[in-house]
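The values are calculated or read from the model by the stated rules, or taken from the named source; none is laboratory data. Keep in mind that what you see is a predicted model, and the values were worked out from it rather than measured. Cβ sites come from the backbone with ideal geometry, for glycine too, and all protein chains shown count toward neighbours.
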Amino acid sequence: MDQELHILFFPFLGHGHMIPMSDMATLFATRRGVRATIVTTPLNAPTISRTIQEGGEDEGTHANIQIRTIKFPCAEAGLPEGCENPDLVPSSAMIPNFLKATTMLQGPLEHLLLQEHPDCLIASAFFPWATDSAAKFNIPRIVFHGTGVFSLCAAECIRLYEPHKKENIVSSDSEPFVIPHLPGAKEITMTRNALPDYVKSDDEEAESSRSRIVKAIKESEVTSFGVVVNSFYELEQIYADYYDEVQGRKAWYIGPVSLCRGGEDKHKAKRGSMKEGVLLKWLDSQKPKSVVYVCFGSMTNFSETQLKEIATGLEASGQQFIWVVRRTDQVQEWLPEGFERRMEGRGVIIRGWAPQVLILDHEAVGGFVTHCGWNSTLEAVSAGVPMVTWPVSAEQFYNEKLVTDILEIGVPVGVKKWARVVGDDSITSSAVERAINRIMVQEEAESFRNRAHKLAQVARTAVQDNGSSHSHLTALIQQLRFATMPAFALP
Ligand code: UDP
């Protein structure tokens, strides 16, 4: 009989980390002798418990997962009460306060480590100090980035070799330059415009908090036990090898973790705020691959001008659509006049939160306009749905390159400039219309669809018994058991 392995998961307090880490906890808890504790704050606990309920094969799995909460220090960090998620922070000017509050979680987390005495801590990369916390309790810490490995490698090559700062290579913000040293048959280009401002800025003062955190994350990646990645080896193989052999990181690829929710639609549907029955009925009435799904994740906002361009582009495309808009206001000045009346039966607007995995998995869905958040990207890959890429911030411009240039399962809408949370509003309705029609109906659509379909099959095989992700998880659990045996405990 194997010794019990108790793993404590500590996700960053955004949906892009909480959802995949809850799925990951479920995957671990389905293995014999493994139990999981997920640590979060009170207002984020419902997201985690909903995700857990949707995953796992049986009640036994759920019994092996518990949620523990710690208080989020809003007042201490100068935030209004209730700002426990970046999504709930009233203005982007307060994001530094939010990040400050997350650093104050170290004490409460260590208190929980003392009470729970787990065998391992898997914590989001945004908590670089978690490696020190784990070391205090003599347990391994594993890093979770929330992104794929292509973007990790590309960002690291840019950080190390700084091509964007070499004037003989790049003379303007819009001039493409090749990402140096990145493996692969194709050269991948970027522009300074598409890089995050904390990477390209020379102004240490202005960007100090973000650049400090990036440095600390890189250090903790090297000093921790390893990195767990929500991806599958076959998807990003050459980059996974490069990350290991050249960049010297130890990583396990155990995704797509959302496939642990692969079973019953009714469970997946619980994630949505809309009456899922109505949505499903509408999708059921549409022809296969005829609906384009438009959603920009849990944090991105657009100006009213940009929303209007999206609406006009959707209408002009002639396609059926589901469009998720993160606004619940009833005054819809951002919609073109008469839009909802004209689109009746042809399109659905979901205000707020949509059951995304359920929608992407439906056979009526044939395309996805996405901000290229990693979870959304991987969920589309898992469902075999081609994408229109509309990156906004974070590492999304790298994910766009993976989708369009490497995997060739999508087309760019044409965003040029990295922005924070509120997207650039430069995309015209005709660019939206053109890109949608390229993946939905034009000549190339068939080849995008075929490639996407094949990748989805590989993804599904990866998580099945003896598939690559399944085997990586087995190997990781074995290594953790070995590392936590008394004779081999960390010094
Ligand atoms: N999501 C969802 N419904 C929504 C918006 C987002 O279920 O209306 C989920 C989506 O399926 C994904 C996560 O929220 O699992 C968003 O993560 P991603 O990395 O794509 O983007 P982020 O929100 O972190 O920018």
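State whether one or more residues within the range 156-179 are in contact (Cβ under 8 Å) with a residue 60 or more places away in the chain and in a helix (DSSP H, G or I).
yes
If you scan the range 207-246, which residues turn out to be out of contact with any helix residue (DSSP H, G or I) (no Cβ under 8 Å at 6 or more places or on another chain), farther than 30 Å from Ser382 by Cβ and of a type in the set (Asp, Glu)?
Scanning the range 207-246 gives a single hit, Glu219.
Which one of these does Ile350 not meet: (1) buried (at least 21 other Cβ atoms within 10 Å of the Cβ); (2) within 13 Å of Ile322 (Cα to Cα); (3) modelled with pLDDT of 95 or more?
In the conditions (1) buried (at least 21 other Cβ atoms within 10 Å of the Cβ); (2) within 13 Å of Ile322 (Cα to Cα); (3) modelled with pLDDT of 95 or more, Ile350 misses (3) alone.
What are the residues in the range 167-187 that are in contact with a Phe, Trp or Tyr (Cβ under 8 Å, 6 or more places away or on another chain) and within 17 Å of Val149 (Cα to Cα), if any?
Passing the criteria: Pro180, His181, Leu182, Pro183, Gly184.
Just a yes or no: is a residue in the range 340-355 in a helix (DSSP H, G or I) and within 16 Å of the ligand (Cβ to nearest atom)?
Within the range 340-355, none of the residues are in a helix (DSSP H, G or I) and within 16 Å of the ligand (Cβ to nearest atom).
Go through the residues of the range 230-242 one by one and say whether even a single one is outside any helix (DSSP H, G or I), at pLDDT 90 or above, under 24 Å from Thr30 (Cα atoms) and touching a Cys at 6+ places or on another chain (Cβ under 9 Å).
Within the range 230-242, not a single residue is outside any helix (DSSP H, G or I), at pLDDT 90 or above, under 24 Å from Thr30 (Cα atoms) and touching a Cys at 6+ places or on another chain (Cβ under 9 Å).
Quick one: Phe150 ticks every box in (1) away from the ligand (no atom under 16 Å from the Cβ); (2) assigned to a helix (DSSP H, G or I) bar one, so which box is it?
(1)
Which condition from (1) assigned to a helix (DSSP H, G or I); (2) closer than 20 Å to Arg420 by Cβ; (3) modelled with pLDDT of 95 or more is the one that Pro108 breaks?
Unmet condition: (2).
So which strands (runs of 3 or more DSSP E) stay within the range 359-450 end to end and still have 2 or more residues that are away from the ligand (no atom under 14 Å from the Cβ) and buried (at least 19 other Cβ atoms within 10 Å of the Cβ)?
365-370, 410-412
Where the second residue is of a type in the set (Phe, Trp, Tyr) and surrounded by 10 or more Cβ atoms within 10 Å (Cβ to Cβ) and the first is within 14 Å of Gly313 (Cα to Cα) and in the same structural domain as Lys308 (by TED's automatic domain parsing) and lies in the range 327-350, which pairs have Cβ atoms under 6 Å and are six or more apart or on separate chains?
Listed by first residue and then by second, the contacts come to Gly347/Phe321.
Quick check on my filter: what residues within the range 146-165 are among the hydroxyl-bearing types (Ser, Thr, Tyr) and modelled with pLDDT under 95?
Of everything in the range 146-165, just one residue is among the hydroxyl-bearing types (Ser, Thr, Tyr) and modelled with pLDDT under 95, namely Tyr161.
Hey, among the residues in the range 318-339 that are hydrophobic (A, V, I, L, M, F, W, C) and within 16 Å of the ligand (Cβ to nearest atom), which one's farthest from Glu446 (Cα to Cα)?
Going through the qualifying residues, I end up with Val325.
Determine the pairs where a residue that is closer than 14 Å to Tyr242 by Cα, located within the range 181-194, has a partner that is of a type in the set (Asp, Glu) with Cβ atoms under 9 Å apart, the partner being 6 or more residues away or on another chain.
Pairs that qualify, where the first residue is closer than 14 Å to Tyr242 by Cα and the partner is of a type in the set (Asp, Glu), are Pro183/Asp241.
Test each condition in (1) at negative phi; (2) under 16 Å from the mean Cα position of the chain (by Cα) for Asp405 and report the one that comes out false.
(2)
Does the range 290-317 hold any residues that are under 14 Å from Gly367 (Cα atoms) and within 16 Å of the ligand (Cβ to nearest atom), and which are they?
Within the range 290-317, Val291, Val292, Tyr293, Val294, Cys295, Phe296 qualify.
For the range 296-333, how many residues meet the condition of being within 29 Å of Pro46 (Cβ to Cβ) and in a loop (DSSP other than H, G, I, E, B)?
Residues meeting the conditions: 13.
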